[in-house]
Amino acid sequence: MGTGKRGLVTAAITVVCAVTVLAAPGTAFASQTSPTPTPTPTPSASPAPVSTKDLEAVRQKLEKLYHAAAVATDEYNAAEEKAEQQSAEIVELAKKIVKGQEKLDELKKRAGSAAAAQYRTGGLPDEAQLMLSDNPGQFLDGAGRVLQGERATKALLEEMTRTQQDLKLYTKDASAQWKKLEANRKAKATATKEIKKKIAAAEELESQLEKEEKERLAELEAEAARKAQTAWLDSGILEDISGQASEQGKKAVEYATAQMGKPYEWGAEGPDTYDCSGLTSQAWISADQPIPRTSQEQWKQLERVDVEDMRPGDLIIYFDDASHVAMYIGDGAIVHAPRPNRTVTIAGAGSMPILGVVRPDA
C-alpha cells in the first residue's frame, strides 16, 4: 500500500476513533432538538450538538474514503479484465498444444513408416542394389522414387522439428500466462481487501451520526456539489457546448439513463447494479461500441476532446487519477453511478473536478 493510502487509512481510523469516543455515554452525537437529560445523582453537562464545521470535516473525510475505494475499484476492475483476457489466451494456447501434439504424433507415425520402408531395402547402397537387381531399368526407376522419398522424409523431419519447437513455445507462453493470471488474482484480492476496508471505514463513520445529522450531512454534500456546478456554469462554458449526439451516442445515453435508480456496487457491470465505469462501458456496448472497462483505461485509450466540444454520449473523466467517470447527457448534466450507498443518478457535469473528456465513437 502506498504512502498516500496509508495516510488515508490512518486519517480514517483517527476520525472513526474520535467519533467512537464521542459516542460514549454522555458525549454521543445528538440532534439540536434532543430533550434535556433527566437529572441524576451525578449531573453532567448536556452534549453539545455537532457543529456544521464538524459535519463538514466528516463530509470531507467520507469523500476521501470513498475516493480511495473508487481507486481500489479501478484496480480491481483492471485486474479482473486482464485475468479474463489471460484465461482466454490460456484456453487458445491449450487448443494449439493439443492440435500440435496430434500433428506431431501423426508426423512420427509417418516417419516410422518411412524408416520401416528403408529397413526393408536392407539399407544397402544404391550401387550394391543395382548390381544385385534382376531388372536394372526397374531399379533405376525405383531409385528415382527413392530419391523423392528421401526428400519427402527430409521435409517430414523438418516439419516434425518445427512442430516440436511450436509446442515448446506454446507451453512456455501458457506457463507465462498462468503466472500473469496468478499475479492478477492476487491483485484482485488486494484490491478487494482495500475496497472493503475503505467502505467499512466510511460506513462506520456514518453510522455514528444521528438521523438529523445524516440529513444535514446530505445537505452539505448537495451544497458542495451545487457550488462546484455553479462555479462551472458561471465560467460560461455551457455557452460553448453545442455538440449534437451521434446515433451511437444517443443509444448509449438512452441505455445509461434507463439505469437510473439502480444501486452502485463496486465491480458490477449490470444489469441490476453498476459501478461508475461498469455503467459507461455497458452503455457503449449497447451501442455496438466496446470500450475499456475501467475509467483509467477509458482515459488512456479513448480519443480526447475539449470540454467545449463535448456532445451527449461523451465520457467525462474526473479527478487527477481518473478514478471516476460519468456520461454527458447534455444541458450541463451527467448520468453516473456515484459511490457505495448511492444509486445511478443525474448530476451537474461540473459538480466534481473534471480531468478531461473522451469520445468512444470518435
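Just so it is clear, none of the values below were taken in a lab; they were calculated from the coordinates. Nothing here was measured: the structure is a model prediction, and the numbers come from that model. Cβ atoms come from the backbone with ideal geometry, glycine included; neighbour counts cover every protein chain shown.
Among LEU238, LEU233, which is the only one that is within 18 Å of ALA349 (Cα to Cα), in contact with a Phe, Trp or Tyr (Cβ under 9 Å, 6 or more places away or on another chain), in contact (Cβ under 8 Å) with a residue 60 or more places away in the chain and part of a helix (DSSP H, G or I)?
Details: LEU233 fails: in contact with a Phe, Trp or Tyr (Cβ under 9 Å, 6 or more places away or on another chain).
Every option except LEU238 fails the conditions.
Yes or no: segment 245-268 includes at least one residue that is loosely packed, with under 15 Cβ neighbours inside 10 Å and more than 19 Å from ILE346 (Cα to Cα).
Yes, segment 245-268 contains a residue that is loosely packed, with under 15 Cβ neighbours inside 10 Å and more than 19 Å from ILE346 (Cα to Cα).
Residue by residue through segment 171-201, note down the ones that are in contact with a Lys or Arg (Cβ under 8 Å, 6 or more places away or on another chain) and buried (at least 18 other Cβ atoms within 10 Å of the Cβ).
First pass over segment 171-201, keeping only residues in contact with a Lys or Arg (Cβ under 8 Å, 6 or more places away or on another chain): 180, 184, 194.
Of everything in segment 171-201, those that are in contact with a Lys or Arg (Cβ under 8 Å, 6 or more places away or on another chain) and buried (at least 18 other Cβ atoms within 10 Å of the Cβ) turn out to be ASN184, GLU194.
Take PRO312 and decide whether it is free of Cβ contacts under 8 Å to residues at least 60 places away in the same chain and assigned to a loop (DSSP other than H, G, I, E, B). Give the steps one after another, and end with the answer.
Values: free of Cβ contacts under 8 Å to residues at least 60 places away in the same chain: no; assigned to a loop (DSSP other than H, G, I, E, B): yes.
No.
Please tell me if ARG304 is under 23 Å from the mean Cα position of the chain (by Cα), outside any helix (DSSP H, G or I), surrounded by 21 or more Cβ atoms within 10 Å (Cβ to Cβ) and not aromatic (Phe, Trp, Tyr). Reasoning before the result, please.
Details: under 23 Å from the mean Cα position of the chain (by Cα): yes; outside any helix (DSSP H, G or I): yes; surrounded by 21 or more Cβ atoms within 10 Å (Cβ to Cβ): no; not aromatic (Phe, Trp, Tyr): yes.
Against the criterion (under 23 Å from the mean Cα position of the chain (by Cα), outside any helix (DSSP H, G or I), surrounded by 21 or more Cβ atoms within 10 Å (Cβ to Cβ) and not aromatic (Phe, Trp, Tyr)), ARG304 does not qualify.
Just to be sure I understand, how many residues within segment 254-269 are closer than 20 Å to ARG339 by Cα and either in a helix (DSSP H, G or I) or touching a Cys at 6+ places or on another chain (Cβ under 6 Å) (or both)? Explain how you work it out, then say what you get.
Our first condition is that a residue be closer than 20 Å to ARG339 by Cα; within segment 254-269, this holds for 255-269.
Subsequent filtering for residues that are either in a helix (DSSP H, G or I) or touching a Cys at 6+ places or on another chain (Cβ under 6 Å) (or both) retains 255-258.
Looking only at that region, the number is 4.
Return yes when ALA326 is under 29 Å from ILE195 (Cα atoms), crowded, with 21+ Cβ neighbours inside 10 Å and not charged (D, E, K, R) and no when it is not. Show your work before the answer.
On the way: under 29 Å from ILE195 (Cα atoms): yes; crowded, with 21+ Cβ neighbours inside 10 Å: yes; not charged (D, E, K, R): yes.
Taking the combined requirement at face value, the residue satisfies it.
Exactly one condition in (1) in contact with a helix residue (DSSP H, G or I) (Cβ under 6 Å, 6 or more places away or on another chain); (2) crowded, with 21+ Cβ neighbours inside 10 Å; (3) of a type outside the set (A, V, I, L, M, F, W, C); (4) outside any loop (DSSP other than H, G, I, E, B) is not met by GLY350; state its number.
(4)
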